[in-house]
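Scroll down for the structure; my scribbles are underneath it.
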């Protein structure tokens, strides 16, 4: 498996997209299944957001200052997802707005992932090159080992807010 940072992040995106598709195809009456799928979404998104916020975005900000605006936008997109994740984590799957809130999360995260893959990742790859992306990939893997998987754990949300306020 490649330790290229972009390859690792795209692999996470593939896993997340699969859970999104599973949720969307579960059917209106599949409340229990949807609840389990949202739990998986929360775990994947919390972990992924953490490693991007803790490793990828700070490193890109340092090494490619021209991408500062893109990084700040990504922090904000993560913040929106984190708020929805926290709300969903406390919601019962039978709640009236559970499916609607999950749909909004899915739409927002898909937009963010598409933007990263189509626009941001190519700029990062061009600006950093293979060696730097391998090094950042190693850092991502190490961060993933300690990353929270639930919003109640030391949260990526606090890190996002702190980073944006700095």
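Which one, 93, 148, 65, has the greatest fluctuation when you compute a Gaussian network model over the chain with C-alpha springs under 10 angstrom?
For the chain, modelled as a Gaussian network with Cα springs under 10 Å, the answer is 65.
Determine which residues of segment 48-82 fall in the zone a paramagnetic label at residue 117 would reach in this model, i.e. backbone nitrogen under 17 Å from the point 7 Å along Cα→Cβ.
48-49
How far, in degrees from 0 to 90, does helix 98-115 lean away from the longest principal axis of the Cα atoms of the chain, to the nearest 10?
The answer is roughly 20 degrees.
Quick one: among 134, 15, 145, which has the greatest mean-square fluctuation in a GNM of the chain with alpha-carbon springs under 10 angstrom?
145
Full extension from residue 3 to residue 18: what is 0.36 nm times the residue separation minus their Cα-Cα distance, to one decimal in nm? Could the numbers behind the result be given before it?
Details: separation 15, 0.36 × 15 = 5.40 nm, distance 2.17 nm.
Additional length available on full extension: 3.2 nm.
Using helices alone, what [θ] at 222 nm do you get for the chain, with -39,500 (n - 2.57) per DSSP H run of 4 or more residues, divided over all residues and rounded to the nearest 500?
Working: 7 runs with 124 residues, N = 166.
When only DSSP H runs of four or more count, the value is -25000 deg cm²/dmol.
Helix 156-165 versus the longest principal axis of the chain: what angle, 0 to 90°, nearest 10, using Cα atoms?
Tilt relative to the chain: about 50 degrees.
For the chain, with a Gaussian network of springs between Cα atoms less than 10 Å apart, report the residue from 71, 83, 55 with the top mean-square fluctuation.
So, out of 71, 83, 55, the one fluctuating most is 83.
Quick one: angle between helix 31-51 and the longest Cα principal axis of the chain, in degrees between 0 and 90, rounded to 10, please.
Tilt of helix 31-51: around 20 degrees.
Taken together, the values in this text are just the output of simple stated rules run on the coordinates, not laboratory data. As the structure is a computational prediction, the values presented were derived from the model and not from experiment. Cβ: placed from backbone, ideal geometry, glycine included. Neighbour counts: every protein chain shown.
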